[in-house]
1. Would you tally the residues in the stretch 78-107 being without any contact (Cβ under 8 Å) to a residue 24 or more places away in the chain and either farther than 16 Å from ASP57 by Cβ or assigned to a helix (DSSP H, G or I) (or both)?
2. Of the residues that make up the stretch 108-116, is at least one within 25 Å of the chain's Cα centre (by Cα), open to solvent by 60 Å² or more (accessible area, probe 1.4 Å) and in contact (Cβ under 8 Å) with a residue 60 or more places away in the chain?
3. Only one of these conditions is not met by VAL88: (1) more than 26 Å from GLY128 (Cα to Cα); (2) open to solvent by 70 Å² or more (accessible area, probe 1.4 Å). Which number is it?
4. I'm trying to understand the selection: among the residues of the stretch 148-171, which are of a type in the set (S, T, N, Q) and within 26 Å of the chain's Cα centre (by Cα)?
5. Failed condition for ILE105, given (1) aliphatic (A, V, I, L, M); (2) open to solvent by less than 40 Å² (accessible area, probe 1.4 Å); (3) modelled with pLDDT of 95 or more, with all others met?
6. With respect to the numbered conditions (1) modelled with pLDDT of 95 or more; (2) assigned to a loop (DSSP other than H, G, I, E, B); (3) under 24 Å from GLU36 (Cα atoms); (4) not hydroxyl-bearing (Ser, Thr, Tyr), which one is the sole condition not fulfilled by LEU64?
7. What number of residues in the stretch 124-157 are open to solvent by 100 Å² or more (accessible area, probe 1.4 Å) and in a helix (DSSP H, G or I)?
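The values are calculated or read from the model by the stated rules, or taken from the named source; none is laboratory data. Note that the structure is predicted; figures quoted are calculated from it, not measured. So basically every Cβ, Gly included, is an ideal-geometry build from the backbone, and we count neighbours across all protein chains shown. Surface accessibility is based on the protein's heavy atoms, side chains included, excluding ligands, DNA and RNA. Shrake-Rupley method; radii C 1.70, N 1.55, O 1.52, S 1.80 Å.
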Amino acid sequence: MSVMYEGRKSERACFMTNRLEKYIDDNGLVETIDAEVEKPIFRRPGYEVLPTFAELDRRLSDGLREARDKSGLTHADVAPLLGLHPIVYGRYERSETKMHVSRLIHLSELLDFSPIDLIMAAAPYRFGKSPEASERRRKLIKVVEGLPDEAVESMLSLVEAMSKLRSEDGK
């Protein structure tokens with residue numbers, strides 16, 4: 001299930017100010033609906049039809065289950081590490097309970113994954129203008145995560161210098 005773009009400028013709620021309208025237009029936000037929210041909401045479209053919030057939750061849950069499986073642990077193993085009963089923990093993996101960012105970070109500590117991995121898997125369209133661009137960014141992040149600190153520092157200096165040159169050329 002995915003959210004269809006509505007883009008009904010003329011039907012926007014009366015509380016919209018000129019400043020807010022400008023922000024919406026400047027940032028390419030589209031008005032849409034989601035079953036979890038009572039009123040129309042605005043989202044930024046990507047290269048895929050926007051997934052519903054329920055679909056995003058399902059994708060996060062799938063990624064969490066994969067991370068737990070990769071660790072070789074069971075629900076019963078992970079739950080007490082979180083201070084939870086296995087049934088409660090299972091609700092995260094079945095997408096029955098929404099995961100707070102703090103819980104995601106805690107789980108990433110326990111199961112040794114990067115929180116960005118789950119977020120990128122759930123919303124790849126937020127990391128590039130095409131699936132290929134998103135995948136390249138995912139690969140780059142994984143490479144950078146594995147580099148020693150000195151290499152990251154050198155790489156950052158290089159990228160900052162390239163960025164500065166690029167912005168000077170654009171003047």
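1. 15
2. Checked against the condition, which is being within 25 Å of the chain's Cα centre (by Cα), open to solvent by 60 Å² or more (accessible area, probe 1.4 Å) and in contact (Cβ under 8 Å) with a residue 60 or more places away in the chain, the stretch 108-116 yields no hits at all.
3. Condition not satisfied by VAL88: (2).
4. Pass one, the stretch 148-171, residues of a type in the set (S, T, N, Q): 154, 157, 163, 167.
The answer is SER163, and nothing else.
5. Evaluating ILE105 over (1) aliphatic (A, V, I, L, M); (2) open to solvent by less than 40 Å² (accessible area, probe 1.4 Å); (3) modelled with pLDDT of 95 or more leaves (2) as the failure.
6. (2)
7. Counting residues in the stretch 124-157 that are open to solvent by 100 Å² or more (accessible area, probe 1.4 Å) and in a helix (DSSP H, G or I) gives 8.
Conditions tested, residue by residue: (1) farther than 16 Å from PRO124 by Cα; (2) free of Cβ contacts under 8 Å to residues at least 40 places away in the same chain; (3) open to solvent by 30 Å² or more (accessible area, probe 1.4 Å); (4) within 14 Å of the chain's Cα centre (by Cα).
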site: GLU31; (1), (2), (3), (4): yes, yes, no, no
site: GLU36; (1), (2), (3), (4): yes, yes, yes, no
site: PHE42; (1), (2), (3), (4): yes, yes, yes, no
site: VAL49; (1), (2), (3), (4): no, no, yes, no
site: GLU55; (1), (2), (3), (4): no, no, yes, yes
site: ALA76; (1), (2), (3), (4): yes, yes, yes, no
